[in-house]
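See below for the structure under consideration.
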Amino acid sequence: MIDIIEVCNNSASAKIALQGAHVFHYARKDEKPLLWLSEVSDFKEGKAIRGGVPICWPAFGMNNPNLPQHGFARTSMFKHVSTKDLDANTTEVILILKHSQETLTLWPYKFELELKVIVSDKLTMELSTKNIDDKTFKITQALHTYFGVSHISDAKIKGLDKKPYLDALTNEHLTQNGDIFFEEEVDRVYQEVNSEILLRDKDRTISIKNEGSSSVVVWNPWIEKGKRMSAMKDEAYNDFVCIESANAFEDFVEIKPNNSHTLKAVIA
Ligand code: BG6
């Protein structure tokens with residue numbers, strides 16, 4: 001088992017695992033959860049939770065061959081810095097990960113990675129990377145959010161029309177035409193994204209606003225890949241859509257010594 005921080009205030013509740021600073025539950029009061037969590041997810045040390053908001057860091061995908069897929073942050077133990085009620089409706093939780101012998105062998109830079117989570121009628125996540133090394137480093141990253149949907153066939157994403165994207169399944173560079181629907185496997189990195197994205201479902205609309213990033217990954221594994229995914233039931237692809245607030249591929253971030261960068265996502 002892994003340690004968990006539970007937050008409950010007048011407007012919402014949330015659960016955050018110390019491993020990976022992984023927000024795996026968020027629900028507004030009297031509403032159904034916003035985040036999808038696999039029924040069969042492992043809550044074991046060293047295994048990423050399937051669902052919620054995994055932090056992909058310091059590399060998104062297989063961007064750095066020395067690192068595991070999506071980097072090491074999602075399986076690293078963060079330190080709980082503080083939990084503060086800012087008012088009766090708003091709670092702030094801060095978690096931090098610092099470099100260690102283990103991270104330095106995988107990735108040779110000294111860093112401080114902080115996640116600030118603000119739980120209110122919105123879920124706000126701020127992921128700040130501080131370079132405390134004497135060398136400049138580059139990162140790619142994502143807040144890899146799994147949104148629960150009533151059924152994948154009811155889900156539609158608005159706000160990415162006319163945006164260029166890389167289709168990770170074919171390696172083609174294409175341009176989005178209209179809204180995004182799900183009728184097959186989708187694995188795309190949208191670029192030049194600088195405005196709100198909406199996830200429309202049968203009975204609710206979720207808004208996603210990102211800062212400090214211009215790439216958004218849209219992913220659903222569909223049937224065949226869904227069967228191959230770890231910690232996930234075969235039919236579970238019907239129940240979620242990932243819309244990931246990212247700095248991926250050309251949208252990497254270069255951070256000089258003593259400088260920091262913040263990736264922020266506000267989900268409402
Ligand atoms: C997405 C990638 O971000 O994460 C997909 O675009 C990948 O290609 C998915 O399958 C899940 O990755 P993982 O490592 O959590 O199984």
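List of remarks:
- Charge dipole (the chain, unit charges on Cβ, about Cα centre) - positive-most of S214, S76, F43: S76
- The range 113-268: relative contact order in percent, alpha carbon pairs under 8 Å with at least 6 residues between: 34 percent
- DSSP-assigned coil residues among trypsin sites (Lys or Arg not before Pro) in the range 198-268, each with at most 15 further Cβ atoms within 10 Å: K202, R204, K233
- For F111, distant residues with modelled amide H under 5 Å away: H99, I132
- Accessible area per residue in Å² at 1.4 Å probe, computed on the chain: 46 Å²
- By accessible area with a 1.4 Å probe, ligands and nucleic acids excluded, highest first: order of D203, D234, D134: D134, D203, D234
- Toward the positive end of the charge dipole of the range 4-267, with +1 on the Cβ of Lys and Arg and -1 on the Cβ of Asp and Glu, the farthest Cα among P65, L174, L160 is that of P65.
- Between E250 and N177, the FRET efficiency from the beta-carbon distance, with R0 = 25 Å, is close to 0.70.
- Distance from the alpha carbon centroid of the range 137-192 to that of the range 236-268 works out to 13 angstrom.
- Relative packing of 54-63, 71-80, which averages over residues the other C-beta atoms within 10 Å, highest first: 54-63, 71-80
- Relative packing of peptides 9-16, 27-34 - highest average C-beta neighbours within 10 Å first: 9-16, 27-34
- Percent carbon-and-sulfur accessible area, the range 4-267, ignoring ligands, DNA and RNA, probe 1.4 Å: 45 percent
- Shape call, the chain: gyration tensor on alpha carbons, a/c limit 1.5: rounded
- Full extension of the chain segment joining K202 with K44 gains 53.5 nm, where the gain is 0.36 nm per residue of separation less the Cα-Cα distance.
- For the pair S153 and D87 in one chain, pulling the backbone fully straight at 0.36 nm per residue adds 19.9 nm over the alpha carbon distance.
- R0 of 41 Å, Cβ-Cβ distance M77-R228: FRET efficiency to nearest 0.05: 0.90
- Within the chain: Cβ-based charge dipole about Cα centre, in debye rounded to nearest 20 (Lys, Arg +1; Asp, Glu -1): 440 debye
The values are calculated or read from the model by the stated rules, or taken from the named source; none is laboratory data. Since the structure is predicted, the reported quantities are computational estimates derived from the model, not experimental observations. Cβ sites come from the backbone with ideal geometry, for glycine too, and all protein chains shown count toward neighbours. Only protein heavy atoms, including side chains, enter the accessible area calculation; ligands, DNA and RNA are left aside. Shrake-Rupley method; radii C 1.70, N 1.55, O 1.52, S 1.80 Å.
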